[in-house]
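The values are calculated or read from the model by the stated rules, or taken from the named source; none is laboratory data. Keep in mind it's a predicted model, so treat the numbers as computed, not measured. A quick note on method: Cβ atoms are made from the backbone with ideal geometry, for glycine too, and the neighbour counts reach across all protein chains shown.
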């Protein structure tokens, strides 16, 4: 018995001395691989057992064999059964945390795979299966709307927060991108210069242009600098991600603003426009835009011509070009003018057809009678459409020989059928002016008025209007004259409205006839004198003709008898 104890004491002295502490990683030697455990000797008086599951690879195979050295975590020197507690898995995790900590101290990048979306961001699996957090604000340079699109992607990350005790690791991909962008920007700025052609990627599209990533710095390609032709929206030419070569138009190193151009890489088509589009030539183009005043036609990329509404038809009144053409239509036109300095070409469609106005004199000789409809009424007259698109003007003075017309609407309405005489055709200007007359259909009554209403003749006339200076009377329909207040009576008349009213029939003598001014003067007192004179020239009793002296004698006799009676 004493010999056995002495041998045990001697054996313990021969064991290697270890000063391992719980929670440390130690190196051990695999001495046995069982069905459930792997036995590891770390130099203690007893071996440790580690579940075999901690040595399984992803394919389920044991990736260790007897005789291998492994690093394990000493969790406890002895458990309840006196066996030391070891862990390969925990040792691996601690080693990963130590590696991550060292990488953080060296400001190194860590590779990881984004595995799932979590609150506020994404979960990333890094070395040894350690989970880290990637905030949504740190995913990219710009805010990302769809974080799920990053799941399963592997990237390099920068550790921005590390706490080993709490097991907390926060990553940033944005910090890495910003650093890369800063380096790229510095290199790009060194080679930027006005006039240089550079390559970039379409980063963003707006209504007014496209932002091009030149490498760490963005430049603006304005919509007006994209093409020599018409561009309604940048999306017609580009999509985000497209690569293209552009020319640096302006570069401000202080503000780092860059203006780019794409069309400037090619020649301006307007430099040779006058040679390719000579005045009078027929051309074919595509309608690309409609405005109230006309249609723009693309002749080639970068060159457009305008067909004004006035150049679309000889006769039709085109209120809007959409009544004639539509966007996308192929049209034929004639070149009317080329202004290459201002990038303008005037085109005409009506010039492809004969000018109907050139035959107006033959179709409508002066003095010929035409029929038409009243198309429009103005203060100064009426417009009569004698054929589609061709109007004639009847001036207010040519509506009637006799009527006093304040406005043409007193006689006509739109749509009325009228007959008129062609008075004149003025071919000066773009559109001829046709003068018509309605009153000329009948003879001018004033040609006979001086004969039928001679000075000294007495007529029964109708009072039309009474004013303070006299009365306007009608001799026949449309023929009026004036009885001045001084021609009412031998006595002074203050207000003629006390003597006559509209509608009264009075006798008056013609005292003046002015055919040029179409005025007739009449006198009521002159008519009275005429009647008295007729009485004087009447016949005396017994059938003898009385003389003027007899009349005076009778009047004197009557006066004497009257005095005797008194």
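When each of 419, 490, 428, 460 is tested for being at pLDDT 90 or above and surrounded by fewer than 12 Cβ atoms within 10 Å (Cβ to Cβ), the lone residue that passes is 460.
Inspection of the stretch 285-301 finds no residue satisfying the criterion of being modelled with pLDDT under 90, assigned to a helix (DSSP H, G or I) and not assigned by TED's automatic domain parsing to the domain that holds residue 213.
Annotation: of all residues in the stretch 200-249 being farther than 26 Å from residue 178 by Cβ and part of a strand (DSSP E or B), the one that is modelled with the highest pLDDT is 222. Does the stretch 87-99 include one or more residues that are assigned to a loop (DSSP other than H, G, I, E, B) and in contact (Cβ under 8 Å) with a residue 12 or more places away in the chain? No, every residue in the stretch 87-99 fails to be assigned to a loop (DSSP other than H, G, I, E, B) and in contact (Cβ under 8 Å) with a residue 12 or more places away in the chain.
For the stretch 319-349, a tally of residues being out of contact with any strand residue (DSSP E or B) (no Cβ under 9 Å at 6 or more places or on another chain) and at pLDDT below 90 returns 4. The set of residues in the stretch 294-326 that are within 17 Å of the chain's Cα centre (by Cα) and closer than 13 Å to residue 347 by Cβ comprises 294, 295, 296, 321. The condition of being more than 30 Å from residue 327 (Cβ to Cβ), surrounded by fewer than 18 Cβ atoms within 10 Å (Cβ to Cβ) and touching a residue at least 24 places away in the same chain (Cβ under 8 Å) holds for only one of 169, 160, 217, 197, that being 197. Surrounded by 13 or more Cβ atoms within 10 Å (Cβ to Cβ), part of a strand (DSSP E or B) and not assigned by TED's automatic domain parsing to the domain that holds residue 154 - does that describe any residue in the stretch 114-128? Checking the stretch 114-128: not a single residue is surrounded by 13 or more Cβ atoms within 10 Å (Cβ to Cβ), part of a strand (DSSP E or B) and not assigned by TED's automatic domain parsing to the domain that holds residue 154.
Among the residues making up the stretch 325-337, those that are in a strand (DSSP E or B) and closer than 13 Å to residue 299 by Cα are 330, 331, 332, 333, 334, 335.
Matching residues to (1) farther than 30 Å from residue 286 by Cβ; (2) touching a residue at least 12 places away in the same chain (Cβ under 8 Å):
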site: 342; (1), (2): no, no
site: 353; (1), (2): no, yes
site: 364; (1), (2): yes, yes
site: 403; (1), (2): yes, yes
site: 421; (1), (2): yes, yes
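A single entry from 28, 60, 67 fulfils the requirement of being in contact with a strand residue (DSSP E or B) (Cβ under 8 Å, 6 or more places away or on another chain) and in a loop (DSSP other than H, G, I, E, B): 67. For the stretch 427-523, the strands (runs of 3 or more DSSP E) that sit wholly inside it and include 2 or more residues that are under 30 Å from residue 357 (Cβ atoms) and either in the same structural domain as residue 373 (by TED's automatic domain parsing) or without any contact (Cβ under 8 Å) to a residue 40 or more places away in the chain (or both) are 433-437.
For the stretch 221-234, filtering for residues that are within 12 Å of residue 246 (Cα to Cα) and either surrounded by 18 or more Cβ atoms within 10 Å (Cβ to Cβ) or touching a helix residue (DSSP H, G or I) at 6+ places or on another chain (Cβ under 8 Å) (or both) leaves 4.
Can you say whether residue 49 is surrounded by fewer than 18 Cβ atoms within 10 Å (Cβ to Cβ) and outside any helix (DSSP H, G or I), as far as the supplied structure shows? Judged against the criteria, residue 49 is not a match.
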